[in-house]
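J.: Starting off with a structure, shown below.
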Amino acid sequence: MLRGLMKGGMTAIHCCTVVSRNYLAHARVLAESFLEHNPHGRFSLLLVDRDLDGLPDAGEPAANDSFELLLPEDVGVDRREFDRRATMYSAQGMAASLKPDMLRTLLARQGGPVVAIDADGCVYDDLTPIAELARAHAVVLSPHSLDPYPLRGANADSPRWGRDSPDQMVMRSGVMNGGLVAVGRGGDEFLDWWSQRTRRRCVFDVRYGLMLVQTWLTPAAFLFDSAVLRDRGCNVAGWNMQARDVQWEGELPLIDGGPLRHFHFAGGFDPERPGMLSWHPELLDWWPSLDERPGAARLTREYADRLFEAGYRELRAMPGPSDFAPDGKPIEPWMREIYRQGSMEAERRGEAEPPNPFSDGAERFAEWLSERVQEADGGSTSPQRQAERALDPGRPELRSALFEAGRLLERVGELERIRDEAIGWAERVSAELRESEAALAAARAEVEGAQMELRRALATLEGVLGSVSWRLTKPLRGLKASFKRPLPRVSRRRA
């Protein structure tokens, strides 16, 4: 296992990120790009996994004195707590929940400043201005945008814009973006507060105002000594490119007349489809199209190439560290939510915590889960009764599971709409093809009729040419033709 050793003394800037193993290609690109443009800096990578067994060579970043690889126990998360979070959260949620713990550990070790950047980012210039801001303030937060949003999305015909807007979407997900957060001396109070709230509430739940660790940053802006990062070259992403584009001076990317320091390839950017900033329909409605942003389009193509070189295809195919229980069965979202709510309830009441599949075995976890569901259903197996209990305000875990199902049904409805549009298009094309086929059939019939007339005429001609009368009158026809020829002119010569 690779572990770079920290050396004494302050560094210009210390950057860090946290990922599961299937995102190691992203982390590798981030680390290499950061160290390329910040050669006196340090980089720490927290890997959300139990060990590095089975990790392909492509996933191991190059070892050097400026790089450090951490595991959860290095940031104060023991095996039992790791197993709890592995049961509560998917790989994304678990990685996000460990971000405050990572920052707190690194800040305590060196006093600051430390900058956390999401792994789906790339550094293109010196990040020292962020470090300098963190030296002056306990917390540095990055807003989603420094420019006003349009009142409607790019797809103005979408029904959603009658009741929604980009501003509302940002407010629901958090005014500050969690993809770039810096802390300096005195930031430990903020990190303790942040960590306490994300240990058990690092989920997507719009109803309760939760979007992983991000939404907690909105109140943090006024609860702690903080600064808003207003550098227009930092945390550039689809959500703040409504009125600008990346410019290039040779190989140097610029934006708004200054250096592009950091681009955040958020929104599920897919390197297999580098012509799109995101493939999520709700983001496509208001993020700019790369057809209209040629500078950013070049950036996405180059970033996609770097991911492939870092082993993206091999690493992304790996399962997350908590996708499956030890018995090989998948841990479904509704199971995670029931376990999370049960754990919070036990902690609140001071009772024994529920079993999880990693520490206590998959069988015990399955038995507890079954008992929990039966208790919630009142022993009834009626689908109607289960739905009623799921909607009961007293059963938030089942209601959350139903909410997840509703989101899936929404997606199914959207796919059905796309299917219906495709069927309508196919029917229109089919109608046009049928009209063309009818015209072609009429033309073919006309040609066939003409060919039949020609065959009859040829048959008549052959019959005439082969008749006895035609042969007997042949000498007379020749004599007649000779009378019609003009007589030869005779020239007269004088004697």
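Quick note: the coordinates plus some simple rules give every number you see, no bench work behind them. These numbers come from a predicted model, not from an experiment. Reconstructed Cβ throughout: ideal geometry from the backbone, glycine too, with neighbour counts over all protein chains shown.
J.: Percent relative contact order of the range 222-370, based on C-alpha pairs within less than 8 angstrom and at least six residues apart?
T.: The normalised contact order for the range 222-370 reaches 14 percent.
J.: Taking each pair of different alpha-carbon atoms in the range 205-245 once, compute 1/r for the pair, average those values, and report the inverse of that mean as the Kirkwood hydrodynamic radius in Å to one decimal.
T.: Roughly 12.6 Å, rounded to one decimal.
J.: Then there's this: Report the gain in length on full extension from Ala346 to Asn155: 0.36 nm times residue separation, minus Cα-Cα distance, nm rounded to one decimal.
T.: 64.1 nm
J.: Taking the Cα centre of the range 203-262 as the origin, how large is its charge dipole in debye, to the nearest 20, when only Lys and Arg (+1) and Asp and Glu (-1) carry charge on their Cβ atoms?
T.: Here the size comes out at about 200 debye.
J.: Ranked highest first by average number of other Cβ atoms within 10 Å, how do 140-148, 217-225 line up?
T.: 140-148, 217-225
J.: Could I ask something else about it? What does the net charge come to around Gly178 if you take all other residues with beta carbon closer than 13 Å to its beta carbon, with K and R at +1 and D and E at -1?
T.: My count for the surroundings of Gly178 gives 0.
J.: Glu314 to Glu249: extension gain in nm, 0.36 nm per residue of separation minus the Cα-Cα distance?
T.: 20.0 nm
J.: With each label point set 7 Å from Cα along the Cα-Cβ vector, what nm distance links Arg80 and Phe204?
T.: Here the modelled spin labels are 3.2 nm apart.
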